[in-house]
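The values are calculated or read from the model by the stated rules, or taken from the named source; none is laboratory data. Bear in mind the structure is a predicted one, so any value in this text is a computation, not a measurement. Here the Cβ is made from the backbone with ideal geometry for all residues, glycine too, and neighbour counts use every protein chain on show. Note: accessible area is taken over every heavy atom of the protein model, side chains too, but ligands, DNA and RNA are not part of it. Shrake-Rupley method; radii C 1.70, N 1.55, O 1.52, S 1.80 Å.
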Amino acid sequence: MDEIKRRDPRKEHILRNRLHPQYDEMAVDHDLLMSGGTNRKNPHKQGYLSAEGIKRIDRSGAAVAAAGVAKKQQEQSLPLRAIVNPSNYIVVFSDSDSAKLTVLDKDMLGLAHSLADDGTAVVMINLHSREDDLASAGADRALTLDAASYSPDSWLAVLQTIDSELFPKHWIFADGTLVGGDLARRLAVSLGVRPVTRGKLYAEGTLNCSGGDASKSVNRKLSRILLVEEQVADPIAGFITEASSLDVADVAGVIPKVTDLGGVAVDPADIPLAETRFILSGGNGIRNWALFHQCAQALGATEGASRVAVDNGHMPRTTQVGATGTYVNAKVYVAVGISGAIQHLQGMTTCETVIALNTDANCDMIKRADLSIIADSSEVMQALVDATSGGKGELDDVG
Ligand SMILES: Cc1cc2nc3c(=O)[nH]c(=O)nc-3n(C[C@H](O)[C@H](O)[C@H](O)COP(=O)(O)OP(=O)(O)OC[C@H]3O[C@@H](n4cnc5c(N)ncnc54)[C@H](O)[C@@H]3O)c2cc1C
């Protein structure tokens, strides 16, 4: 007797709901059985090939994970730039406290390689320890300083020691950062070097730098100390480096002129959007803006916004995140009622953890998020305000 094909309503129910816990399991190889017994292709199946041969987007994360493995394998097969006895050095200093390398870190390393010849080693000095792969970003040598407390005198002493031991051809710092920008200027004064500041773009031996008037720029010859901004050069590509550790003589006997008295509470509203580590961003799905502000204050977050929220007059233009707003680099980005348009996502690509709060489970922000809450914005913001103990950023143990 012929085998009778039967429909499975439960499976069909799961396959219609991408958020069902068993969806991924079912979608892997399950096609749809129609009422007439015809076996139809399931267009939502992961890796489904359309009639035109176009592969559908795989939202399971499997393709992304596979791409990550493939990227790693590809990197391992790239040629290694090994410098045994460097004839010269270029030092890149990063004060970022993010575990991942920032866009600016990669651009600074790219600039260092544009300036380095075959015998020049690019040294990356990190103020905080990093988890990212420094070899694929272009560090020939790496050194991490002790940043347990704010100690510019001892950090400067380490840089001076490195300068006298290696006499680097160039020092490269991020201009706008508090510690790096300050240390660069301290080092420049102590070495008697006139630094090149606000470097925007390197080309053919000169740095195009912002002028005093923001609308003007000026080409400057390179100096030993370069202070640069994002996109000054392209990150490296096509090779990997050793990222071996750099040994420097211990620097002892520095009598600090600055004493670290510990952290000082700051109003998150005063932190520039591009520098803040925690952003609560509101979009067109916010129904109660007073509650949004209350929630941001209760959580100790800096406020951001989508363009629609700004255009509708709910938020100032300075808070707009995105391609035509500010590019942010937060550790935690909470998007409340923001659909995730490409122009908005562009401004937050480097955020470490994204939490989306939205009523639409299929919106692009939910696809981008590491954690999603499918609920009404006002309900969740009210719950967050209620869960705080009154102190900024302090959540009660709710259980
Ligand atoms: C040239 C150009 C440049 C642009 N630059 C930028 C830019 O820099 N930054 C930017 O943000 N946009 C920019 N845009 C606009 C962008 O395309 C989108 O229109 C905009 O980001 C959408 O904002 P939104 O997500 O807040 O609004 P919507 O797209 O209206 O989305 C609102 C979201 O809220 C959700 N929602 C509704 N009610 C609730 C509720 N009660 N609780 C929870 N969620 C709810 C909805 O499901 C939806 O996902 C640009 C557009 C152009 C053409």
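Summed over the range 110-122, residues that are under 16 Å from ILE240 (Cβ atoms), out of contact with any Pro (no Cβ under 7 Å at 6 or more places or on another chain) and open to solvent by less than 10 Å² (accessible area, probe 1.4 Å) total 2. On the stretch given as the range 130-182, residues that are modelled with pLDDT under 90, more than 21 Å from GLU230 (Cα to Cα) and hydroxyl-bearing (Ser, Thr, Tyr) total 4. I'd like the full set of residues that are within 16 Å of the ligand (Cβ to nearest atom) and either without any contact (Cβ under 8 Å) to a residue 24 or more places away in the chain or open to solvent by 10 Å² or more (accessible area, probe 1.4 Å) (or both), limited to the range 295-308. If the condition is that a residue be within 16 Å of the ligand (Cβ to nearest atom) and either without any contact (Cβ under 8 Å) to a residue 24 or more places away in the chain or open to solvent by 10 Å² or more (accessible area, probe 1.4 Å) (or both), then GLU303, SER306, ARG307, VAL308 are the ones that fit. Residues of the range 219-240 that are within 19 Å of PHE173 (Cα to Cα) and either assigned to a strand (DSSP E or B) or outside the structural domain of LEU109 (by TED's automatic domain parsing) (or both): ASN219, ARG220, LYS221, ILE225, LEU226, LEU227, VAL228.
Would you confirm, using the coordinates I've provided, whether ARG81 is touching a residue at least 40 places away in the same chain (Cβ under 8 Å), over 20 Å from GLN160 (Cα atoms), charged (D, E, K, R) and open to solvent by 10 Å² or more (accessible area, probe 1.4 Å)?
On the way: touching a residue at least 40 places away in the same chain (Cβ under 8 Å): yes; over 20 Å from GLN160 (Cα atoms): yes; charged (D, E, K, R): yes; open to solvent by 10 Å² or more (accessible area, probe 1.4 Å): yes.
Yes.
State whether one or more residues within the range 382-397 are farther than 23 Å from VAL266 by Cβ and among the β-branched types (Val, Ile, Thr). Looking through the range 382-397, none of the residues is farther than 23 Å from VAL266 by Cβ and among the β-branched types (Val, Ile, Thr). The combined condition, being within 23 Å of the chain's Cα centre (by Cα), touching a residue at least 40 places away in the same chain (Cβ under 8 Å) and open to solvent by 10 Å² or more (accessible area, probe 1.4 Å), is fulfilled by LEU143. The residues of the range 349-366 that are more than 7 Å from the ligand (Cβ to nearest atom) and assigned to a strand (DSSP E or B), listed by number, are THR353, VAL354, ILE355, ALA356. Among residues that are under 17 Å from ALA237 (Cβ atoms) and in a loop (DSSP other than H, G, I, E, B), ASP132 is included. Every test in (1) within 9 Å of the ligand (Cβ to nearest atom); (2) touching a residue at least 12 places away in the same chain (Cβ under 8 Å) is passed by GLU379 save one, and that test is (2).
Return a yes/no flag: does the range 241-259 have any residue that is hydroxyl-bearing (Ser, Thr, Tyr), assigned to a loop (DSSP other than H, G, I, E, B) and at pLDDT below 90. Yes, because at least one residue in the range 241-259 is hydroxyl-bearing (Ser, Thr, Tyr), assigned to a loop (DSSP other than H, G, I, E, B) and at pLDDT below 90. Taking the condition of being in a loop (DSSP other than H, G, I, E, B) and either open to solvent by 40 Å² or more (accessible area, probe 1.4 Å) or at pLDDT 95 or above (or both), how many residues in the range 194-216 meet it? So the answer is 8. Based on what the data block shows, is ASP234 of a type in the set (Asp, Glu), touching a residue at least 24 places away in the same chain (Cβ under 8 Å) and open to solvent by less than 20 Å² (accessible area, probe 1.4 Å)? Answer is no for this residue. Filtering the range 319-331 to residues that are open to solvent by 30 Å² or more (accessible area, probe 1.4 Å) and modelled with pLDDT of 95 or more leaves nothing.
In the range 332-346, of all residues being near the ligand (Cβ under 9 Å from one of its atoms) and crowded, with 24+ Cβ neighbours inside 10 Å, the one that is farthest from GLY176 (Cα to Cα) corresponds to GLY337.
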